[in-house]
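See structure below.
The values are calculated or read from the model by the stated rules, or taken from the named source; none is laboratory data. Fair warning: this is a prediction, and the values are worked out from it, not measured in the lab. A quick note on method: Cβ atoms are made from the backbone with ideal geometry, for glycine too, and the neighbour counts reach across all protein chains shown. For the accessible areas, the whole protein counts, side chains as well, though only heavy atoms, and no ligand, DNA or RNA atoms are used. Shrake-Rupley method; radii C 1.70, N 1.55, O 1.52, S 1.80 Å.
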Amino acid sequence: MIRFLTAALLSSSLISPAMAQSVDDVVTETIDFKTPDSAATSTARQMYGKEFRTVAAQRVWLEDPDDDYEQLVVMMGAERNCATGCFVAALYYDETQWLEVWRRPGKSVGLGPVGLTGMKPIYDGFRLWKWSGTNYLAQPLTQERKPRQPTEAELAAATDALNKQFRGGSEPLDPATVDAIDVNIQKGREVALLISSTYYCGNSACPIVFLDDQGKWIGTLKALGPDFAVTSDKDENGRRLIEVSVAGGIETYSLGDDQPRSSLGPMKITIAGSKR
(Lines give C-alpha, C1' and ligand atoms only; values in the text may rest on other atoms or scores of the structure.)
Protein backbone atom coordinates (compact mmCIF):
# COMPACT_ATOMS: atom_id res chain seq x y z
CA MET A 1 0.00 0.00 0.00
CA ILE A 2 1.16 3.51 -0.79
CA ARG A 3 0.59 5.82 2.19
CA PHE A 4 2.89 8.76 1.54
CA LEU A 5 0.94 10.81 -1.00
CA THR A 6 0.24 13.66 1.39
CA ALA A 7 3.99 14.06 1.92
CA ALA A 8 4.38 14.15 -1.85
CA LEU A 9 2.65 17.52 -1.86
CA LEU A 10 5.91 18.93 -0.55
CA SER A 11 8.35 16.36 -1.96
CA SER A 12 10.33 16.73 -5.17
CA SER A 13 12.45 13.55 -5.09
CA LEU A 14 12.06 11.50 -8.26
CA ILE A 15 13.36 8.32 -9.77
CA SER A 16 14.53 7.78 -13.29
CA PRO A 17 11.93 6.65 -15.84
CA ALA A 18 12.52 3.45 -17.77
CA MET A 19 12.83 2.97 -21.51
CA ALA A 20 9.51 3.70 -23.21
CA GLN A 21 7.27 0.81 -24.16
CA SER A 22 4.63 0.58 -26.83
CA VAL A 23 1.27 1.92 -25.69
CA ASP A 24 -0.31 -1.34 -26.86
CA ASP A 25 2.00 -3.19 -24.47
CA VAL A 26 1.21 -0.92 -21.52
CA VAL A 27 -2.50 -0.03 -21.70
CA THR A 28 -4.56 -2.98 -20.46
CA GLU A 29 -7.85 -1.24 -19.63
CA THR A 30 -9.69 1.83 -20.91
CA ILE A 31 -12.22 3.82 -18.89
CA ASP A 32 -14.64 5.83 -21.06
CA PHE A 33 -17.38 6.74 -18.51
CA LYS A 34 -20.21 5.39 -20.69
CA THR A 35 -21.65 3.70 -17.60
CA PRO A 36 -20.49 5.74 -14.59
CA ASP A 37 -20.53 4.27 -11.09
CA SER A 38 -23.32 6.03 -9.18
CA ALA A 39 -21.64 5.86 -5.76
CA ALA A 40 -18.30 7.02 -7.16
CA THR A 41 -20.00 9.83 -9.09
CA SER A 42 -21.81 10.99 -5.94
CA THR A 43 -18.49 11.16 -4.12
CA ALA A 44 -16.87 13.06 -7.00
CA ARG A 45 -19.76 15.54 -7.24
CA GLN A 46 -19.18 16.57 -3.64
CA MET A 47 -15.68 17.66 -4.64
CA TYR A 48 -16.17 18.93 -8.22
CA GLY A 49 -19.88 19.71 -8.57
CA LYS A 50 -19.56 23.41 -7.76
CA GLU A 51 -16.99 24.04 -10.48
CA PHE A 52 -18.11 21.58 -13.17
CA ARG A 53 -21.57 20.96 -14.60
CA THR A 54 -20.72 17.45 -15.76
CA VAL A 55 -19.16 15.00 -13.30
CA ALA A 56 -18.88 11.22 -13.81
CA ALA A 57 -16.65 8.76 -11.99
CA GLN A 58 -15.51 5.17 -11.87
CA ARG A 59 -13.83 3.23 -9.10
CA VAL A 60 -10.47 1.83 -10.22
CA TRP A 61 -7.30 0.29 -8.87
CA LEU A 62 -4.20 2.42 -9.38
CA GLU A 63 -2.23 0.04 -7.18
CA ASP A 64 -2.62 -3.63 -6.26
CA PRO A 65 -6.15 -4.42 -5.00
CA ASP A 66 -6.81 -4.56 -1.26
CA ASP A 67 -9.90 -4.59 0.97
CA ASP A 68 -11.57 -1.49 -0.46
CA TYR A 69 -11.42 0.84 -3.44
CA GLU A 70 -9.36 3.91 -2.59
CA GLN A 71 -8.89 5.34 -6.08
CA LEU A 72 -11.23 7.00 -8.58
CA VAL A 73 -11.03 8.37 -12.09
CA VAL A 74 -13.29 11.35 -12.71
CA MET A 75 -14.47 13.00 -15.91
CA MET A 76 -15.51 16.63 -15.50
CA GLY A 77 -16.61 19.38 -17.83
CA ALA A 78 -18.09 22.87 -17.76
CA GLU A 79 -20.87 21.93 -20.23
CA ARG A 80 -23.59 19.29 -20.09
CA ASN A 81 -22.44 15.92 -21.45
CA CYS A 82 -18.89 17.30 -21.47
CA ALA A 83 -19.30 18.71 -25.00
CA THR A 84 -16.09 20.76 -24.79
CA GLY A 85 -13.39 21.53 -22.23
CA CYS A 86 -13.48 18.09 -20.66
CA PHE A 87 -10.89 16.73 -18.21
CA VAL A 88 -10.11 13.38 -16.64
CA ALA A 89 -8.52 13.20 -13.19
CA ALA A 90 -7.13 10.34 -11.11
CA LEU A 91 -7.83 10.45 -7.38
CA TYR A 92 -6.22 8.63 -4.47
CA TYR A 93 -7.59 8.40 -0.92
CA ASP A 94 -4.79 8.58 1.65
CA GLU A 95 -7.00 7.63 4.67
CA THR A 96 -7.71 11.28 5.53
CA GLN A 97 -8.66 12.98 2.24
CA TRP A 98 -8.97 12.56 -1.52
CA LEU A 99 -5.92 13.73 -3.44
CA GLU A 100 -5.88 14.50 -7.15
CA VAL A 101 -2.68 12.91 -8.42
CA TRP A 102 -3.20 13.45 -12.17
CA ARG A 103 -5.36 15.53 -14.53
CA ARG A 104 -5.35 16.02 -18.30
CA PRO A 105 -7.84 17.09 -21.01
CA GLY A 106 -9.92 14.24 -22.41
CA LYS A 107 -12.99 12.03 -22.03
CA SER A 108 -11.34 8.66 -21.43
CA VAL A 109 -8.18 7.27 -19.92
CA GLY A 110 -6.05 4.16 -20.30
CA LEU A 111 -4.43 2.27 -17.43
CA GLY A 112 -1.65 -0.30 -17.48
CA PRO A 113 -0.41 -2.93 -15.04
CA VAL A 114 1.08 -1.91 -11.70
CA GLY A 115 4.68 -0.81 -12.25
CA LEU A 116 7.80 -1.29 -10.13
CA THR A 117 7.02 1.93 -8.25
CA GLY A 118 3.66 0.57 -7.05
CA MET A 119 1.19 2.43 -9.28
CA LYS A 120 -0.30 1.93 -12.73
CA PRO A 121 0.80 4.08 -15.68
CA ILE A 122 -1.83 6.38 -17.16
CA TYR A 123 -2.33 7.01 -20.88
CA ASP A 124 -4.11 10.26 -21.79
CA GLY A 125 -4.64 9.35 -25.45
CA PHE A 126 -1.51 11.24 -26.47
CA ARG A 127 1.29 10.25 -24.14
CA LEU A 128 2.00 7.90 -21.25
CA TRP A 129 2.51 9.03 -17.66
CA LYS A 130 4.38 6.84 -15.17
CA TRP A 131 4.40 7.00 -11.38
CA SER A 132 7.87 7.93 -10.15
CA GLY A 133 7.35 7.18 -6.47
CA THR A 134 6.08 10.68 -5.66
CA ASN A 135 4.42 12.04 -8.83
CA TYR A 136 3.23 11.05 -12.28
CA LEU A 137 5.86 11.91 -14.90
CA ALA A 138 5.24 12.45 -18.61
CA GLN A 139 7.11 10.07 -20.94
CA PRO A 140 8.43 10.94 -24.42
CA LEU A 141 5.94 10.21 -27.20
CA THR A 142 5.76 6.51 -28.00
CA GLN A 143 7.17 5.83 -31.47
CA GLU A 144 8.06 2.72 -33.38
CA ARG A 145 11.78 2.01 -33.24
CA LYS A 146 13.92 -0.48 -35.09
CA PRO A 147 17.38 -0.47 -33.47
CA ARG A 148 20.21 -1.70 -35.65
CA GLN A 149 23.95 -2.09 -35.35
CA PRO A 150 25.81 1.14 -36.13
CA THR A 151 28.15 1.31 -39.10
CA GLU A 152 31.86 1.97 -38.66
CA ALA A 153 31.39 5.47 -40.09
CA GLU A 154 28.58 6.21 -37.61
CA LEU A 155 30.69 4.97 -34.70
CA ALA A 156 33.59 7.14 -35.85
CA ALA A 157 31.36 10.21 -36.08
CA ALA A 158 29.90 9.54 -32.63
CA THR A 159 33.35 8.98 -31.15
CA ASP A 160 34.58 12.27 -32.60
CA ALA A 161 31.54 14.12 -31.22
CA LEU A 162 32.01 12.65 -27.74
CA ASN A 163 35.76 13.38 -27.84
CA LYS A 164 34.93 17.06 -28.35
CA GLN A 165 32.27 17.03 -25.66
CA PHE A 166 34.44 15.22 -23.11
CA ARG A 167 37.58 17.08 -24.26
CA GLY A 168 39.69 14.04 -24.95
CA GLY A 169 38.53 12.16 -21.89
CA SER A 170 36.35 9.74 -23.80
CA GLU A 171 36.91 6.05 -24.46
CA PRO A 172 36.37 4.11 -27.71
CA LEU A 173 32.77 3.15 -28.38
CA ASP A 174 31.91 -0.52 -28.18
CA PRO A 175 29.33 -1.47 -30.84
CA ALA A 176 27.63 -3.63 -28.19
CA THR A 177 26.72 -0.51 -26.20
CA VAL A 178 25.50 1.60 -29.16
CA ASP A 179 22.11 1.30 -30.85
CA ALA A 180 21.53 3.09 -34.14
CA ILE A 181 17.98 4.24 -34.88
CA ASP A 182 17.01 5.79 -38.21
CA VAL A 183 14.90 8.91 -37.63
CA ASN A 184 13.23 11.69 -39.58
CA ILE A 185 14.47 15.03 -38.27
CA GLN A 186 14.62 17.00 -41.51
CA LYS A 187 15.28 14.90 -44.59
CA GLY A 188 14.22 11.53 -43.25
CA ARG A 189 17.67 9.99 -43.38
CA GLU A 190 19.09 11.06 -40.03
CA VAL A 191 20.40 8.70 -37.34
CA ALA A 192 20.23 8.69 -33.54
CA LEU A 193 23.01 6.78 -31.79
CA LEU A 194 22.01 5.73 -28.28
CA ILE A 195 25.07 5.24 -26.07
CA SER A 196 24.52 2.93 -23.10
CA SER A 197 28.03 2.25 -21.77
CA THR A 198 28.55 2.87 -18.06
CA TYR A 199 31.53 5.10 -18.90
CA TYR A 200 29.31 7.69 -20.59
CA CYS A 201 26.12 7.13 -18.60
CA GLY A 202 27.39 6.61 -15.08
CA ASN A 203 24.31 6.36 -12.87
CA SER A 204 22.33 9.02 -14.68
CA ALA A 205 21.58 10.18 -18.22
CA CYS A 206 23.16 8.72 -21.36
CA PRO A 207 24.25 10.63 -24.46
CA ILE A 208 22.33 10.38 -27.73
CA VAL A 209 24.41 11.48 -30.72
CA PHE A 210 22.47 12.69 -33.77
CA LEU A 211 23.88 12.55 -37.30
CA ASP A 212 22.44 14.18 -40.43
CA ASP A 213 21.73 12.48 -43.75
CA GLN A 214 25.44 12.84 -44.66
CA GLY A 215 26.61 11.19 -41.44
CA LYS A 216 27.76 14.48 -39.91
CA TRP A 217 27.18 15.37 -36.26
CA ILE A 218 24.24 17.76 -35.67
CA GLY A 219 23.83 17.54 -31.92
CA THR A 220 24.14 15.52 -28.73
CA LEU A 221 21.49 15.28 -26.02
CA LYS A 222 21.45 13.40 -22.73
CA ALA A 223 18.46 11.31 -21.69
CA LEU A 224 17.49 8.84 -19.02
CA GLY A 225 16.90 5.43 -20.49
CA PRO A 226 18.10 6.77 -22.89
CA ASP A 227 14.58 7.58 -24.03
CA PHE A 228 13.67 10.16 -26.67
CA ALA A 229 11.10 11.01 -29.34
CA VAL A 230 11.08 13.09 -32.51
CA THR A 231 8.15 15.52 -32.42
CA SER A 232 6.20 17.06 -35.29
CA ASP A 233 7.15 20.60 -34.20
CA LYS A 234 10.04 22.23 -36.08
CA ASP A 235 12.63 24.87 -35.28
CA GLU A 236 13.55 27.85 -37.44
CA ASN A 237 15.88 25.64 -39.49
CA GLY A 238 13.17 23.16 -40.37
CA ARG A 239 14.46 20.48 -38.00
CA ARG A 240 11.99 18.57 -35.84
CA LEU A 241 12.33 19.10 -32.11
CA ILE A 242 13.48 16.23 -29.88
CA GLU A 243 11.93 15.18 -26.58
CA VAL A 244 14.23 13.54 -24.02
CA SER A 245 13.46 11.88 -20.71
CA VAL A 246 14.93 13.71 -17.70
CA ALA A 247 14.69 13.32 -13.92
CA GLY A 248 11.69 15.65 -13.68
CA GLY A 249 9.76 14.55 -16.77
CA ILE A 250 10.65 15.53 -20.33
CA GLU A 251 12.51 18.38 -22.03
CA THR A 252 12.23 19.39 -25.69
CA TYR A 253 15.28 20.58 -27.62
CA SER A 254 16.26 21.94 -30.98
CA LEU A 255 19.47 20.11 -31.94
CA GLY A 256 22.41 22.38 -31.29
CA ASP A 257 20.74 24.26 -28.43
CA ASP A 258 22.13 24.02 -24.89
CA GLN A 259 18.83 24.91 -23.24
CA PRO A 260 15.44 23.23 -23.78
CA ARG A 261 12.74 25.00 -25.79
CA SER A 262 10.13 23.63 -23.36
CA SER A 263 9.70 21.17 -20.51
CA LEU A 264 6.89 19.14 -18.93
CA GLY A 265 7.49 18.53 -15.26
CA PRO A 266 5.94 16.30 -12.60
CA MET A 267 2.16 16.25 -12.31
CA LYS A 268 1.22 18.40 -9.35
CA ILE A 269 -0.65 16.69 -6.51
CA THR A 270 -3.53 18.71 -5.05
CA ILE A 271 -6.45 18.20 -2.69
CA ALA A 272 -9.28 16.88 -4.86
CA GLY A 273 -11.81 19.56 -5.71
CA SER A 274 -9.41 22.48 -5.42
CA LYS A 275 -8.87 24.55 -8.55
CA ARG A 276 -5.80 23.85 -10.66
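Worth a mention:
- On Cα atoms only, tilt of 152-165 relative to the major axis of the chain in degrees: 80 degrees
- Theoretical gain in end-to-end length, Thr177 to Asp67 [0.36 nm per residue, Cα-Cα removed]: 35.0 nm
- The heavy atoms of Arg145 present about 60 square angstrom of accessible area, all protein chains included, probe 1.4 Å.
- Computing FRET efficiency as 1/(1 + (r/R0)^6) for Lys164 and Lys268, where r is the C-beta to C-beta distance and R0 is 45 Å, gives about 0.70.
- The stretch between Lys34 and Thr96, if pulled fully straight at 0.36 nm per residue, gains 19.4 nm over its current Cα-Cα span.
- Gain in span if fully extended, Arg53 to Thr198, counting 0.36 nm per residue against the direct Cα distance: 46.9 nm
- Dipole of region 38-152, positive direction: furthest Cα of Ala138, Thr117, Leu72, with charges on the beta-carbon: Ala138
- Region 161-276: proportion of alpha-carbon pairs further apart than 20 angstrom, %: 45 percent
- Placed amide H near Cys86: partners under 5 Å, 5+ positions off or other chain: Gly106
- Working ranking of peptides 148-154, 116-122 by packing, defined as the average number of other Cβ atoms within 10 Å per residue, highest first, is 116-122, 148-154.
- Close amide H pairs (under 5 Å, H built 1.01 Å from N) link Tyr136 with Met267, residues at least 5 positions away or on another chain.
- Taking Cα atoms only, the orientation of helix 38-48 departs from the longest principal axis of the chain by about 80 degrees.
- With only the Cα atoms considered, region 54-182 has a convex hull volume of 182 Å³ per residue.
- In Hz, Karplus ³J(HN,Hα) per residue of region 96-107 (6.51, -1.76, 1.60; θ = phi - 60°; x = Gly, Pro): 10, 7, 7, 10, 8, 9, 6, 7, 8, x, x, 10
- Candidate cross-link partners of Lys187 among the aspartates and glutamates, defined by an alpha-carbon separation under 12 Å and a same-chain spacing of 8 or more, comprise Asp212, Asp213.
- Protection proxy ranking of 217-223, 261-267 - average other beta-carbon atoms within 10 Å, highest first: 217-223, 261-267
- Of Lys130/Lys222; Lys107/Lys234; Lys146/Lys268; Lys50/Lys120; Lys164/Lys216, those spanning more than 24 Å from alpha-carbon to alpha-carbon: Lys107/Lys234; Lys146/Lys268; Lys50/Lys120
- Here is how the number arises for the chain: DSSP H runs of 4 or more residues each give -39500 (n - 2.57), the sum is divided by the residue count, and the result at 222 nm is -3500 deg cm²/dmol.
- Over the chain, the pair-distance histogram of Cα-Cα distances with 5 Å bins from zero comes to 1, 6, 12, 15, 15, 14, 11, 9, 7, 6, 4, 2, 0, 0 percent, rounded to whole numbers.
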